[in-house]
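The values are calculated or read from the model by the stated rules, or taken from the named source; none is laboratory data. Model, not experiment: these values are computed from the prediction. Note: ideal-geometry Cβ built from the backbone for every residue, glycine included; neighbour counts use all protein chains shown. Protein only, heavy atoms only, side chains kept; ligands, DNA and RNA dropped before computing areas. Shrake-Rupley method; radii C 1.70, N 1.55, O 1.52, S 1.80 Å.
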Amino acid sequence: MTAQIIAVLNQKGGVGKTTTTVNLAHALANMDKRVTVVDLDPQSHLGVALGEVSKLQTGIDDVMLGHCDFTQQLIPIRENLNLIVAGPRLQEIEQLSEGGSHRGDLLRKALARGVGNADFVFIDCPPSSGILVANALFAVEELLIPMTSDFLALQGLSHLMGTIKKFETALSRKYRLSIVMSRYIANRRLSKDVLNTLKKYFPEQILATPIRETAALAECPSFGKTIFEYRPGWRSAKDFNDLASDFLARRVM
Amino acid sequence: MAEDDESSMIGYDPLAWMHEQTGSGSLFPADNQVAVLDDELCSEQSGGADSLCSDNIDDTSLQSNPSTETDCEVELDAGIDELNEESQPMDLDVIENSEQINESSATVGNQVVLESIQSIQNVTVLHQKLQQILDTQEKIDIDASAVTQIDTATLQLLLIVKLSAVKSQKEVNIDFPSQKFIDAANLLGLAEMLSVDQTASGLF
Ligand SMILES: Nc1ncnc2c1ncn2[C@@H]1O[C@H](COP(=O)(O)OP(=O)(O)OP(=O)(O)O)[C@@H](O)[C@H]1O
Ligand SMILES: [Mg+2]
């Protein structure tokens, strides 16, 4: 069977892309799904959050540059969960400013050569609107957008949707798009207003379980642990388990 | 709509453009004067983070003050904080040239292609062109890929057109902006409001 490839995307920084990628992936792996996560951010936070800190380890950089295949770069990092790190040369790819129209296609071509036998591949995108994000948009058919519930996040989403629509027009296809409410502060009125605004524009596209803002989720990356290792049984672990079920069953708000 | 709900904590709905609805009528006030809109835009400027939560930020939630006058002098006092450190200082002065006024841009259907040099000399014609399209169409695509020089007046016009269009649930896209266009928009702190970014630039 072919893998379902999903870009976890939002050009706004700090909205929970990496946290969502790590913990949703681990939740799915715990449900016996075969999952691969790819760090497309030169900051390398995804690798760090999973405890892989080597600066020399090559990853998706060499895959995109055509030096090796995707499957050669897989690091078995947990049971059922593989990681491809960013690699030291990813920054160079982001900064390639010349070279015209072929730069956007590096990731798509690399993935087309095969991604192994995963059920799901999640690509953790950087907080920018540059060439790496363009590569992700060329390469995938499905987008998962983590959204915080504040006004500037809405403004940022408007911008992002403009970009997405341009790609849809240019590529003559529509993305399958889901939103995950992230860092959600339930007892704040603005959160509800933002959520209601989102429901209006994205009916049937917001996954049913919001991920609440908690201290434990902020703490676990520094230990290189997912929430299921750092605080199993706590409410954030439950949030991500529920989110994983939502994701599989496509249960929406 | 969030704006219609008096108790809403959201003043201005940035996603309004996504709802394709048939609006009607002119996007501009009766007199069609850019200057009048400029005054409106600037008189309500508040800029502080607090204003984002107030009820009346409406479409004036700009991150910087565009100049009230269309005299092409770049006023950066409010916008300077927004400056990207890497952005090149650039020449926003109007070039003294006598371009034919009706060559400011090319129009096909709902598409407008900006000329290489966009300045106050051709801003009126561009304004009329955009207005005409928006009177009859739901959407306008402005191709900014050829721009090598653009002044404050033109950027202001684009911003005003975009903000007015949002109000009437129409869509204004700035496509494939050139690096110069992006730099100029960044310099004035207008890049986000104009939804200018590089993702789709030069790739297709
Ligand atoms: N639900 C949450 N509760 C508490 N802290 C959170 C939550 N989600 C994310 N964080 C914290 O917020 C910060 C930003 O989150 P994260 O790195 O996942 O965002 P990101 O979108 O990947 O950021 P970037 O844009 O830099 O890649 C991190 O320190 C993370 O630990
Ligand atoms: Mg991240």
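For the reader, a short list of remarks on this structure follows.
- Annotation: amide H-H contacts under 5 Å for B:GLN111 (H modelled 1.01 Å from N, sequence separation of 5 or more, or interchain): B:ASP141.
- Burial of 50 Å² or greater, the stretch B:159-197 residues [accessible area, probe 1.4 Å, versus chain by itself]: B:GLU192, B:ASP197
- Accessible surface buried once A binds B (1.4 Å probe; total of both sides; Å²): 2800
- Shown here for the stretch A:144-253: trypsin sites (Lys or Arg not before Pro) in loop regions (DSSP other than H, G, I, E, B) with at most 12 other Cβ atoms within 10 Å, namely A:ARG173, A:LYS174, A:ARG250.
- Chain A shape via C-alpha gyration tensor axes, a/c threshold 1.5: oblate
- Interface burial in the stretch A:194-239 reaches 10 Å² or more for A:THR197, A:LYS200, A:TYR201, A:PHE202, comparing the full protein assembly with the chain by itself; accessible area from heavy atoms with a 1.4 Å probe.
- DSSP loop GluC sites (Glu not before Pro) with at most 12 other Cβ within 10 Å: longest gap in chain A: A:99-203
- The listed residues B:HIS19, A:HIS26 rank as B:HIS19, A:HIS26 when sorted by accessible area, largest first, using a 1.4 Å probe.
- For the set A:LYS17/A:LYS165; A:LYS109/A:LYS192; A:LYS17/B:LYS129, the pairs lying more than 31 angstrom apart at their alpha carbons are A:LYS109/A:LYS192; A:LYS17/B:LYS129.
- Across chain A, Cα pairs under 8 Å and at least six residues apart give a relative contact order of 26 percent.
- Positions from the stretch A:118-161 whose accessible area shrinks by 50 Å² or more when the full protein complex is built, not the chain alone, probe 1.4 Å: A:SER129, A:PHE151, A:GLN155, A:SER158, A:HIS159
- FRET efficiency, A:TRP234 to B:VAL113 (Cβ-Cβ, R0 60 Å, nearest 0.05): 0.60
- CD proxy at 222 nm, helix term only [per DSSP H run n ≥ 4: -39500 (n - 2.57); per residue of chain A; nearest 500]: -12000 deg cm²/dmol
- DSSP finds beta bridges in chain A, and of those with both partners inside it, around 15 percent are antiparallel.
- Residues in the stretch A:159-253 average 46 Å² of solvent-accessible surface per residue, probe 1.4 Å, ligands and nucleic acids excluded.
- Among the trypsin sites (Lys or Arg not before Pro) within the stretch A:1-79, those in coil by DSSP and having at most 12 neighbouring Cβ atoms inside 10 Å are A:LYS55.
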